[in-house]
Structure formats: structure tokens, C-alpha cells
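The values are calculated or read from the model by the stated rules, or taken from the named source; none is laboratory data. All of these numbers come straight from a predicted model, not from anything done at the bench. In this analysis, Cβ positions are derived from the backbone assuming ideal geometry, glycine residues included, and neighbour counts consider all displayed protein chains. SASA here: full protein model, heavy atoms, side chains in, ligands and nucleic acids out. Shrake-Rupley method; radii C 1.70, N 1.55, O 1.52, S 1.80 Å.
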Amino acid sequence: MEKDDLNADDIDKHLKVLVVRGKKLVISTIKNEANKKFSKIDSYDDAVTLGNDVSHGLKKMGDVLGRQSRVIHIFAKKYADKLKNILSVLNSDNSEIQTILQNFNQIDSKRDEILDFIKKLENEKSLIKEKKHRMSELSDALLQTKNLHEEVRNSIEQLKSSPEYQKYLDINSKIDEFKTTKHSIKNEIDLQFTKISRPLGKYQYVSSLDKDKRNLLEKLLHDPFDVLTSENKSALIEIIQSVRKAVVSESISVKDVQKSISYLDETTELLDAYIKQIFEYTTKLTDLESALGVFDSKKLKDQEHALQKHVENISDLESRINSLDSEVNELNDSQPRIIAQIQQRLDAISAIRYSIASE
């Protein structure tokens, strides 16, 4: 084709320029691309470079032939088919190169995925081993805690079956019953002091009592039961008498002076009886509470606290074991799915059908 003048001399001079230029361009491009030397293929990257170079060269030749299609088919028709066949063979070879590269990429990608799944499978097996080991440790701790729980429970039963404990319960029952008498005493005293609460309250703001007696007056208003003692008797009488004088002198105002004086005197006369009642009640209660020493209640409380702690520990250990067991089951369930993914990718890149058995 290069030596053929394509009968260019027989055509219009303007058209001749186009034909000659097109012929030179086609020949120049094909020569340049066909004479390129490719590097030796020693690696996948070399193969990719070859594929890119071949594709690039064929594209350039295809592009120039496309642009000069009319020149070739009209003025160089006898070369057109041969060029077409040659390019067809080259394109076919290039397609085979691209197919090989694509296959390699696919295999390489599937291989990486298979390796990732294998790594995941190994990690899950390692996790299962660790979790089972931890479950074994927790099971040992659970057994030990249950044994301690049983020992403490037996100890509590022995304590509660002792005659001392029965005496302790009887005394406690007596104390509970006896404490009800406090309410009747307290109600009686509260009722009496309610009668003089108004003058006592008003005297609190105008009195010249010293600090101790002022504090005693405040407590007397709040809860007389707690301050009616033989030690406070003289101070209590002094306070009530001071209030009486304030009522008589009208230093503090009350609705009915005579009635207030009468209630104040009445309260003073009842002080000894109230103090005696409270003293007898307190003494008897103290004796009963002292009698509780027949049984070591602190030891029982400590044992009951320890029992409750063991119950909580048992519940916690069982919960942790169940949680780990659930996690192990989830990991075991996921392994067949991982193996199926590996097998699926092996089938995609190999003509051999593999069957993978889990351990």
C-alpha cells in the first residue's frame, strides 16, 4: 500500500491532496504502532502494561482508519479487507489478553476474600476457645460459691435451731409488746403538756432563762417524754414556776389566767408520777434489751448478709455463663455460613467442586 500511488494522478488535484495525506497518515500510524517493542513479561504488572499498550495501539490504528475510511474504501479498496482481517486478529488477541487479566483479577480478588474468610474463621475459633475457657473458670467459681452458700445456710439453720435463739425471739416479742406501753404513757404526758403549751411557747420568747434551761424548755415543747427525768426535775419545776409567774404578772398573755395557772400547778404535781413511770419503763426496757445478749444476733446478721451476697454472686455468675454460652452458640452458628462463603468463591474460580467440612 505504501508503494502504491493509488492512481492519485488521475484524480482532481484538490482530492489528490486528501488521498495522499490520508494514505501517509494511515501508513505512518500503523508503522509506528506495529514497530513498537513490548517489554518482557515477568509479572502480573508487566502483563497489565502489555494489555494497556496493545489496547492503546489498536485504538490509535482503529481511530486513524476510521477517520480515513472513505480514502481506504474508495482509493485503496484492495487493501481494506486485508487491513480489516489483520486488525480483527490483533483485536482477538487483545481480547484474549484482557480476558486473561480479568480472570486473574477475579481469581486474585476471590483469593483475597477466601483468605479473609479463613482468617475470620480462625479468629472465631480462637474466640470460642477463649470463651469456653472463661466459662470453665466461671463454672468452677459458681460451684465454689454454691458450696459456700450451702455452708452459710447450714450455719444459719444451726443458729436458729439453738435454744438461745428461741430465748432471743421470746425476749424480742416481749420487748415489742412492752413498747406499746410507751404510747399510753407518752399520750398521757403529751395530753397534759398540751394544756400548758400556749404559755410555755409564749414564755420561750420573753424568758430570761440561761442557755441550758432555754434548751430544756425547747425540748419540753417538742417532746416532754424525752426530758422528764429525775436529773431534770428541779430545772423543769423552775421553768414551770417561771412561766406561772409570767402568767400571774401578765408578762405573757393567755386567754384564761386562772385555768392556765391551774394547769401549770397540776403539771408540777404530776411531774414525779410521770418521771417515775418513764423511769420504770426505761429500766424494764433496758433489762429486756440486756437479756437479748443470750444470743449473738450480730453473728446471725453477718451470716444472713453473707448468704445474700452469695445469692447475688450465684445469680451474677450464672448470668455471665449464660451470656458466654449464647455468644459461643452464635459463633458456632456463623461458622457454617463462613465456610459456605469460602466454598462459593472456590467454586467460582475453579473447575473442581470443593466440599469443606468443619472441624
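Using a cut-off of 11 Å between beta-carbons, work out the net charge of the residues near N172 (Lys and Arg +1, Asp and Glu -1, N172 not included).
Around N172, the surrounding residues sum to -1.
Students often get this wrong, so check it: of K186/K276; K182/K284; K24/K77; K174/K276; K211/K245, which have C-alpha atoms separated by over 18 Å?
Cα-Cα > 18 Å for K174/K276; K211/K245; rest within.
Using a simple spin-label model with points 7 Å from Cα along the Cα→Cβ vector, what separation in nm is obtained for V89 and L270?
Distance between the two pseudo-spin positions: 13.5 nm.
How tilted is helix 233-248 with respect to the longest principal axis of the chain? Cα atoms for both, answer in degrees (0 to 90, nearest 10).
The helix 233-248 is inclined about 80 degrees to the chain.
Taking only protein heavy atoms and a 1.4 Å probe, what accessible area per residue, in Å², does the chain have with all protein chains in place?
Dividing the accessible area of the chain by its residue count gives 67 Å².
Residues with beta-carbon under 12 Å from that of V227, excluding V227: net charge, scoring Lys, Arg +1 and Asp, Glu -1? Don't jump to the answer; show the numbers that get you there.
Values: positive: K213, K219, K233; negative: D212, E218, D223, D226, E231.
Summing Lys/Arg as +1 and Asp/Glu as -1 gives -2.
How large a share of the accessible area of the chain, in percent, is made up of carbon and sulfur atoms when the probe is 1.4 Å and the other protein chains stay in place?
50 percent
Would you indicate which of [x] 29.6; [y] 22.2; [z] 33.8 is the value of Kirkwood radius over Cα pairs in Å derived from the coordinates of this structure?
[z]
Which net charge results for the neighbourhood of R111, defined as the other residues with beta-carbon distances under 14 angstrom from its beta-carbon, given Lys and Arg at +1 and Asp and Glu at -1?
Values: positive: K110, K119, R345; negative: D108, D112, E113, D116, D347.
Net charge around R111: -2.
Given a Förster radius of 25 Å and the C-beta distance between K146 and N329 as r, what FRET efficiency does 1/(1 + (r/R0)^6) yield to the nearest 0.05? The partial results should precede the final answer.
Values: r = 24 Å, r/R0 = 0.97.
Once the sixth-power term is evaluated, E becomes 0.55.
Show which lysines lie in cross-link reach of K129 when reach means a straight Cα distance below 29 angstrom and same-chain residues fewer than eight apart are skipped.
Output for K129: K110, K119, K120, K146.
Compute the length gained on full extension between S208 and F38: take 0.36 nm times their separation in residues and subtract their Cα-Cα distance, giving the result in nm to one decimal.
Details: separation 170, 0.36 × 170 = 61.20 nm, distance 12.12 nm.
Taking S208 through F38 to full extension adds about 49.1 nm, to one decimal.
Tell me what the chain gives for mean residue ellipticity at 222 nm when only DSSP H runs of n ≥ 4 count, each as -39,500 (n - 2.57), the sum divided by the residue total, rounded to 500 deg cm²/dmol.
Roughly -29500 deg cm²/dmol at 222 nm, from the helical runs in the chain.
Pairs of Cα atoms under 8 Å, at least six residues apart: use those to get the relative contact order of the chain, whole percent.
Once normalised by length, the contact order is 24 percent.
Please check: in the Gaussian network model of the chain (C-alpha springs, under 10 Å), which one of I240, I349, I314 has the largest mean-square fluctuation.
So, out of I240, I349, I314, the one fluctuating most is I240.
As a test of reading the structure, rank L221, L216 by solvent-accessible area (1.4 Å probe, protein chains only), most first.
L221, L216
Name the lysines eligible as straight-distance cross-link partners of K299: C-alpha to C-alpha under 20 Å, and not fewer than 8 places from it in the same chain.
Of all the lysines, those that pass the test against K299 - Cα under 20 Å, at least 8 places apart if same chain - are K160, K167, K309.
Quick check: pseudo-label points 7 Å beyond the Cα along Cα→Cβ at E304 and Y354, how many nm apart are they?
It is 6.6 nm.
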